[in-house]
1. I'd like the full set of residues that are surrounded by 15 or more Cβ atoms within 10 Å (Cβ to Cβ) and either within 22 Å of residue 105 (Cα to Cα) or of a type in the set (S, T, N, Q) (or both), limited to region 145-164.
2. Taking residue 95 and the conditions (1) under 14 Å from residue 162 (Cβ atoms); (2) part of a strand (DSSP E or B); (3) open to solvent by less than 60 Å² (accessible area, probe 1.4 Å), which numbered condition does it fall short on, given that it satisfies the others?
3. Just the residues that are surrounded by fewer than 21 Cβ atoms within 10 Å (Cβ to Cβ) and in contact with a helix residue (DSSP H, G or I) (Cβ under 7 Å, 6 or more places away or on another chain), please, taken from region 113-139.
4. Quick one: which strands (runs of 3 or more DSSP E) sit completely within region 108-211 and have at least 3 residues that are farther than 16 Å from residue 222 by Cβ, under 23 Å from the mean Cα position of the chain (by Cα) and touching a residue at least 12 places away in the same chain (Cβ under 8 Å)?
5. Using beta carbons and a limit of 9 Å, which pairs, at least six apart or on different chains, have the first residue in region 215-233 and at positive phi and at pLDDT 95 or above and the second one in a strand (DSSP E or B) and surrounded by 15 or more Cβ atoms within 10 Å (Cβ to Cβ)?
6. Has region 212-228 got any residue that is more than 29 Å from residue 94 (Cβ to Cβ) and among the hydrophobic types (A, V, I, L, M, F, W, C)?
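The values are calculated or read from the model by the stated rules, or taken from the named source; none is laboratory data. The structure presented is a predicted model; accordingly, all values stated were derived computationally and were not measured. Reconstructed Cβ throughout: ideal geometry from the backbone, glycine too, with neighbour counts over all protein chains shown. Surface areas here come from the heavy atoms of the whole protein model, side chains and all, with no ligands, DNA or RNA. Shrake-Rupley method; radii C 1.70, N 1.55, O 1.52, S 1.80 Å.
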Amino acid sequence: MTLALSTGTVAAIVIFIALDIFAVVFGLSFLRAAKAQKAATEGAPAPTKPVASMSRRDFFRKSLITSLLVFGAQFGGASIAFLWPNLKGGFGSVINAGQLADIKAQIDQEAAPVYNGAGRFYIVPWNGKATSDADYPTEGVTTDGIMPLYQRCVHLGCRVPFCGSSKWFECPCHGSKYNFAGEYQLGPAPRGMDRFKITITGGNVFVDTSEVILGPPRGTDTINEPPQGPFCVAPG
């Protein structure tokens, strides 16, 4: 079995190994110096080269500095590994969301969007009419009657759930509401939900989460669908 490691993980491992080697070399050099100093004190044959003695204060000072350097480098390596772009199929990459036919069937059966947790997006149906402010086909955010929406509310970044009764997206934080196409309807949000580019290859739906396409401005309504029932979140 081949273990797939991201570039960030490999970089962190290399840093940790280098730090461990440095710590071992430093410890061995100190032990050699201490052993030579002890041998000279006990009358053993003096080494061919003079050995520089190290006081206890110098030892603790160097140990403290070394520990701080090791901790800082390890923390930095871990941070690099965490922040390194994920190119193995997670958020920030092109994600295979599944078969187009299966996604459409699930949307029709549940009358709800299909959620992709790894990509942090919903896939919604869209057969609306493009406008100058919301030309989704030209922007590349829709194809074959579907469109991906970023789950984040454009107001303050909360995840926006889909309300099964109203058939709108309703933010539980401050009450922003978006229709089934993620277009602004109510609340403090400054625009509609953001989107991602989408392509269909070999019957599979691929969503590019490396670039966020800003949502349409307020007043955009390409599907003209009022709420289908009670709101899940009270209007703010």
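1. 146, 147, 148, 149, 150, 151, 161, 162, 163
2. Exception for residue 95: condition (1).
3. 125, 130
4. 114-116, 121-125, 195-201
5. What qualifies is 219/184.
6. The answer is no; no qualifying residue exists.
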